[in-house]
1. Applying the Karplus parametrisation 6.51 cos²θ - 1.76 cosθ + 1.60 with θ = phi - 60° to the phi angles of region 298-310, what ³J(HN,Hα) value in whole Hz is obtained for each residue in order, glycine and proline being reported as x?
2. Under the classification rounded if a/c is under 1.5, otherwise prolate if a/b is larger than b/c and oblate if not, where does region 257-352 fall, given a ≥ b ≥ c as square roots of the Cα gyration tensor eigenvalues?
3. Applying the Karplus parametrisation 6.51 cos²θ - 1.76 cosθ + 1.60 with θ = phi - 60° to the phi angles of region 142-154, what ³J(HN,Hα) value in whole Hz is obtained for each residue in order, glycine and proline being reported as x?
4. What is the extension gain from Glu68 to Lys309, computed as 0.36 nm multiplied by their sequence separation minus the C-alpha to C-alpha distance, in nm to one decimal?
5. Quick one: which of Lys213/Lys341; Lys16/Lys309; Lys2/Lys285; Lys124/Lys320 span more than 26 angstrom between C-alpha atoms?
6. So for Tyr190, Tyr354, fewest C-beta neighbours within 10 Å to most, what's the order?
7. 5 Å is the cut-off here: which amide hydrogens, built 1.01 Å from N in the peptide plane, fall below it relative to Ser106, excluding neighbours closer than 5 in sequence?
8. Using R₀ = 41 Å, calculate the FRET efficiency as 1/(1 + (r/R₀)^6) where r is the Cβ-Cβ separation of Ser82 and Arg9; round to 0.05.
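Read-outs: derived from the displayed coordinates by stated rules, not from any lab. Note that the structure is a prediction, hence the values are computed from the model and not measured. With ideal geometry, Cβ positions are generated from the backbone for all residues, glycine too; neighbour counts draw on all protein chains shown.
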Amino acid sequence: MKILGSDFRKGFCKLKVENLDDLWVLSQVVDPKDSVTARTFRKIKIGRDSDRKGEVVKRPVTLTIEVEKVEFHKYSNSLRISGLVREGFEDIPSGSHHTLDINENSVLTINKEEWLSFQIDKVKDAASDSGSKVLICVMDRDEACFALMKKYGYEYLSEISGKVQKKGVEDKSLKDDEFYGQIVSALEDYVQRYGAEFVIVASPAFWKEDLMKVLSKKNPSLASKITLATCNAFGRNAIDEVLKRPEVRSVLKQERVVKETTLVEELLVEIAKNNLAVYGLEQVKSAAEAGAIKVLLVTDRLIRELREKNEYNKLEYVMKLVDKASGDVVIVSEEHDAGRKLHGLGGVGGILRYRLSY
């Protein structure tokens, strides 16, 4: 994301979208009642003669809408912002409905009555591109899967299977090195394609060490980027497990998913101890009104659901209270295990500065 101009005190920020991560960030930043200006296509009727219907054409126009609804579509790489037209082309009446399709390379201007601290931080963080680019490979004896860390969680890339010798069965036609060679080729491809700076390889038992022996011979440069970790599962469950492993914390310390996972785990511990935690919108609201919330955790799913019900103002009220009391507001993606756990608690929880009752 590029910030093309901003004055957050006056409520203004102009941005250029560069990737899917930016769209996810904007889905958490753009709120109902904000004004958003962007280039879009609109069906316009040409010809006003009452004797003929007139021609309907699609024209590129710049419109400003008052936001009513925000939808993030990960699989179509788009953000849909719907609302009422407030400024734009002369043939488009003010007050009519329109949807802005925001994609990669889109330029938009957001105007808010008030930018909250966490929203400014999200935009600046996305613009800085300071996070490390991390590729994860989870493997066992004859399977491997790959995922790429993203701001909204992780993107599951692919799985591969190989023919290897079965335990206790000798088959000279099969060589484990051939399967490891497949993994190395996939790692090389993904590192080059996504510009990954770090690679985490995890497995049960000793499979990861065996892979490293092959990798060190085939591509020493790539081997130097790898951190090894242990896991007991395979696939998506293993990736969630790897994110919690101490071996990878130093690699992922700048990755938001690990931050979210750590905070949700802290919340769960405090809940289990009946100590410095609240969850559920009503409890969280009471704690926020008392100025007791140090960290507010909210799932992106809860934000989406409340917006669909036109009840987002309830959560927005709490977020503003926490922000004004110098608390941290963290939006947790439901794309990973920690987000799903938080959703099970009602989608919102607070880590407290002090206990509210004894």
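1. Couplings: 9, 7, 5, 5, 4, 4, 5, 5, 5, 5, 5, 8, 6 Hz.
2. Verdict is oblate for region 257-352.
3. Per-residue couplings from phi come out as 9, 9, 8, 10, 10, 9, 10, 5, 10, 5, 8, x, 8 Hz.
4. 85.6 nm is the gain from fully extending Glu68 to Lys309.
5. Lys213/Lys341; Lys16/Lys309; Lys2/Lys285
6. Arranged by neighbour count, lowest to highest, Tyr190, Tyr354 become Tyr354, Tyr190.
7. For Ser106, the qualifying residues are Val17.
8. The pair Ser82/Arg9 has a calculated efficiency of 0.90.
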